[in-house]
Amino acid sequence: MGRQYFQPEWLESFLAVTEAGSFSAAAERLHSSQPRVSTHVAQLEAAVDRLLFDRTRRPIVLTEAGVVMASHARQVLRSLDEAADAFAGPSTGLRGTVIVGTHPSISGVYMPGLLARAAREEPDVSIELTERTSVPLVTGLVGRSLDLAVQALSSATEHPSIAAIPLWRERYVAVLPAAAGSDGASDRPMTPAELSGLDHIVIARPGNQIESEFAAALSRWGVTPRVRACTEQPNTLLNLVRLGMGVGIINELALMAFGHDDLIVRPIAGANDGRTVALVWDASVSLTRVVRRVAQLVLSQPAPAGTQPQGPLVDAMAGHRVDGEALLRQAAAQWRGPISSPVPRGLS
């Protein structure tokens, strides 16, 4: 059996089935047809004269031979991708669709610039956006319905297979109606004691489950939530504030996406308290070249104005080249288990 029997497309289809758990899900992920994926796997099994999947189980699982093949397949495709990247010119010739999940505020302020740049540099790559809160984003990554996410780090990202690279930090702010008085100057932080005495409007999922990053922040400040109203959309939160329902608790980037000149905005607790936004993905999945290319664009895209760049964005703003491939490999290898700090080990 020679090398000619190991066609890259066979290996790609085989790994897609391995990670997706079914031929149909693999076909959807590869933007291919199920018969084509099935044919590739059958050809690979015929070449090695071994069954690679136990098809009697749902989801299907690897046989012992399949486990060995998966390890080699990942190495082969990684080496081929690295060789292709080494000789890539201005146009990579990549084609495909990448699904990126993010929060509404990031989608409104940060993503348009990224999409415009991707359209110029990778005209045959389509980026589809979906807006969710943290828990559904992680669920989408692990469930393979999302390829990447740009989201806040929080308890939701503690899934053991999740990897992340920090991009920027931004403050949490309290938003009050103008009727609250002019003494709420934007340069004077709102203390936890002040916040504790007010009704709160928060970002929350159905069932009044406060978004994990905001719940963690309130706990950090020693504030027991007094939720008067909740919503998943920042603009709705601001409108509830205008109607006097309570003080809105939100991240600063969300304000940039919507008009708020008629509202009083005050940072909460202190200038150094806030959230870290990161590029997030499931490290147990072999990222395709087109997904890795979009990840590299994210890692070199300028941070939104008014935020504090973190990790690779600091180097990018200083004019240094960002080695996206190395960062992805490093983060995937080092990020395991619950987070202990906003920055993965070795990436500060």
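The values are calculated or read from the model by the stated rules, or taken from the named source; none is laboratory data. All values reported here derive from a predicted model rather than from experimental measurement. Note that we place each Cβ from the backbone using ideal geometry, even for glycine, and neighbour counts take in every protein chain shown. Protein only, heavy atoms only, side chains kept; ligands, DNA and RNA dropped before computing areas. Shrake-Rupley method; radii C 1.70, N 1.55, O 1.52, S 1.80 Å.
Data overview
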| quantity | calculated |
| --- | --- |
| In order through segment 160-177: 3J(HN,Hα) via Karplus (6.51 cos²θ - 1.76 cosθ + 1.60), integer Hz, x for Gly, Pro | x, 9, 7, 10, 8, 10, x, 10, 7, 10, 9, 7, 8, 10, 9, 10, 10, x |
| Surface accessible to a 1.4 Å probe, per residue, for the residues of the chain, Å² | 46 Å² |
| Value of relative contact order over segment 13-122, rounded to a whole percent, pairs C-alpha under 8 Å and six or more apart | 19 percent |
| Placed amide H near T276: partners under 5 Å, 5+ positions off or other chain | L153 |
| Computed FRET value (nearest 0.05) for S32 with S219, which takes r as the C-beta separation and R₀ as 41 Å | 0.35 |
| Calculated P(r) of segment 2-55 - Cα pairs past 16 Å, % | 32 percent |
| FRET efficiency, L51 to R117 (Cβ-Cβ, R0 56 Å, nearest 0.05) | 0.80 |
| The chain, accessible surface, carbon-and-sulfur percent (1.4 angstrom probe) | 52 percent |
| Dimensionless Rg over Rh [segment 2-155; C-alpha; Kirkwood] | 1.02 |
| Segment 108-220: C-alpha pair distances exceeding 19 Å, % | 61 percent |
| Local electrostatic count at P206 - Lys and Arg +1, Asp and Glu -1, tallied over other residues with Cβ under 14 Å | 0 |
| J(HN,Hα) series, segment 255-263, from Karplus relation 6.51 cos²θ - 1.76 cosθ + 1.60, nearest Hz, glycine and proline x | 5, 5, 7, 9, x, 8, 4, 8, 10 |
| For segment 206-281, convex hull volume per residue from C-alpha positions, Å³ | 124 Å³ |
| Inverse mean reciprocal Cα-Cα distance (Kirkwood Rh) of segment 245-323, Å | 15.5 Å |
| Per-pair calculated FRET efficiency, R0 = 25 Å: S284 and E9 via Cβ, rounded to 0.05 | 0.70 |
| 5 angstrom amide H check on F53, placed H, neighbours 5+ away | T63 |
